[in-house]
Amino acid sequence: MSLRERQEELGLKLLSIEVTGNLKKTREVVKDKEGNFPVLLDCRGFSRDVLHITGTPTTLIVDRQGRIRSRLIGYMKNFEEVVGGVLDRI
Amino acid sequence: MGYHLMDDEKQADLAELCFERARDLASHSIERNQAITMIGKIRSGQGRKDDAVEILQGARGNPVAQRYLGELFWDAGKKEEALDAYIRFVASYPGAREKVSLDSLYALVYQGSSDLDEMIMDARIRDEGPLPDEGFVDVEGKSYRLTGYRGTNLVVNIWSPT
């Protein structure tokens with residue numbers, strides 16, 4: 001079962017942050033993508049300066065208390081399995 | 001500066017000094033650990049293996065430091081320590097599991113054991129503290145705050161279109 005199908009069971013929200021804040025380019029990339037989640041523009045370097053993201057893509061998993069519980073770097077073929085596994089344990 | 005200098009073997013000592021300065025001035029543990037990782041990489045490249053191990057062990061939170069430690073330990077015949085480091089690396093870089101041949105190395109050391117997945121998952125979960133708040137707009141111009149997601153589990157994918 002995909003993460004989207006498990007969203008309710010896991011009490012899960014998905015969020016995407018684009019680090020360059022480039023509206024035009026981001027719109028081009030996401031226009032044909034399927035996904036029912038917000039795509040936020042990081043215009044002030046928050047990801048780099050505050051979240052200390054050292055490379056993209058990076059996935060942060062945050063628990064219900066708002067605490068960062070996992071930081072996953074790079075592309076993953078088994079994204080759903082990895083992220084689902086963390087969510088099952090937090 | 002350090003990254004630029006470390007490309008040239010002759011400038012490695014100067015690059016190391018730059019990263020030592022960056023380590024001393026770092027305001028956050030992630031920045032500090034990144035500088036330490038680069039110092040370890042330079043020392044390893046110069047053949048100063050023991051010095052590299054010593055400093056890399058101070059950057060436990062940096063996954064790339066764990067990769068370098070894995071390589072150094074494996075070369076030194078410290079296979080269990082190497083696997084421990086590789087597991088922490090793969091915990092943060094799931095896509096690198098095949099690249100470092102973790103499954104094969106694990107099978108060599110722990111023949112017949114099958115708890116690798118569980119060990120990686122355990123190393124994957126930690127507590128980095130609260131997600132800092134910030135306001136954003138999305139591609140449609142709608143406003144969001146990160147604190148608006150308290151009370152739900154949240155997966156944040158941070159990416160770049162280039």
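Let's see how each residue does on (1) over 16 Å from the mean Cα position of the chain (by Cα); (2) farther than 13 Å from B:Gly2 by Cβ; (3) modelled with pLDDT of 95 or more:
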| residue | (1), (2), (3) |
| --- | --- |
| B:Ala26 | yes, no, no |
| B:Asn33 | no, yes, no |
| B:Thr37 | no, no, yes |
| B:Gln46 | yes, yes, no |
| B:Asp51 | yes, yes, yes |
| B:Leu56 | no, yes, yes |
| B:Ala59 | no, yes, no |
| B:Asn62 | no, yes, no |
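For A:Lys33, the criteria (1) on the phi < 0 side of the Ramachandran plot; (2) surrounded by 14 or more Cβ atoms within 10 Å (Cβ to Cβ) hold in every case but one, which is (2). Just checking, does region B:64-77 include any residue being open to solvent by 30 Å² or more (accessible area, probe 1.4 Å), under 21 Å from A:Thr54 (Cα atoms) and within 14 Å of another protein chain (Cβ to nearest Cβ)? Yes, because at least one residue in region B:64-77 is open to solvent by 30 Å² or more (accessible area, probe 1.4 Å), under 21 Å from A:Thr54 (Cα atoms) and within 14 Å of another protein chain (Cβ to nearest Cβ).
Only residues that are under 27 Å from the mean Cα position of the chain (by Cα) and under 16 Å from A:Arg6 (Cα atoms) were counted in region B:144-155, giving 3. For the condition open to solvent by less than 20 Å² (accessible area, probe 1.4 Å) and at the interface with chain B (Cβ under 7 Å from one of its Cβ atoms), A:Leu10 qualifies. With respect to the conditions (1) touching a Pro at 6+ places or on another chain (Cβ under 7 Å); (2) open to solvent by 50 Å² or more (accessible area, probe 1.4 Å), A:Leu15 falls short on a single one, namely (2).
The set of residues from region B:1-23 being among the charged types (D, E, K, R), in a helix (DSSP H, G or I) and open to solvent by 80 Å² or more (accessible area, probe 1.4 Å) comprises B:Glu9, B:Lys10, B:Asp13, B:Arg21. So, in region A:36-57, of the ones that are over 19 Å from B:Lys142 (Cα atoms) and of a type in the set (A, V, I, L, M, F, W, C), which residue ends up most open to solvent (accessible area, probe 1.4 Å)? Per the criteria, the residue is A:Val50.
Taken over region B:106-121, the criterion of being charged (D, E, K, R) and more than 9 Å from chain A (Cβ to nearest Cβ) is satisfied by B:Asp115, B:Glu118.
Residues of region A:66-87 that are free of Cβ contacts under 8 Å to residues at least 12 places away in the same chain and over 16 Å from B:Tyr93 (Cα atoms): A:Gly66, A:Arg67, A:Ile68. Within region B:122-158, the set of residues being facing chain A (nearest Cβ under 7 Å), hydrophobic (A, V, I, L, M, F, W, C) and buried (at least 18 other Cβ atoms within 10 Å of the Cβ) comprises B:Leu131, B:Phe136, B:Val139, B:Leu154, B:Val155, B:Val156, B:Ile158.
Can you name the residue in region A:58-72 that is open to solvent by 20 Å² or more (accessible area, probe 1.4 Å) and at the interface with chain B (Cβ under 7 Å from one of its Cβ atoms) and is also farthest from B:Gly61 (Cα to Cα) among such residues? This residue is A:Arg64. Of the residues B:Ala59, B:Ala91, B:Ala85, the single one that is small (Gly, Ala, Ser), under 21 Å from A:Asn78 (Cα atoms) and open to solvent by less than 50 Å² (accessible area, probe 1.4 Å) is B:Ala91. Of everything listed in (1) in contact with a helix residue (DSSP H, G or I) (Cβ under 9 Å, 6 or more places away or on another chain); (2) surrounded by fewer than 19 Cβ atoms within 10 Å (Cβ to Cβ), the single unmet condition for B:Gln111 is (1).
The values are calculated or read from the model by the stated rules, or taken from the named source; none is laboratory data. The shown structure was predicted, so the numbers you read here are calculated from the model rather than taken from an experiment. Ideal geometry is used to build each Cβ from the backbone, glycine not excepted, and the neighbour counts take in all protein chains shown. Ligands, DNA and RNA are excluded from the accessible area calculation, which covers all protein heavy atoms including side chains. Shrake-Rupley method; radii C 1.70, N 1.55, O 1.52, S 1.80 Å.
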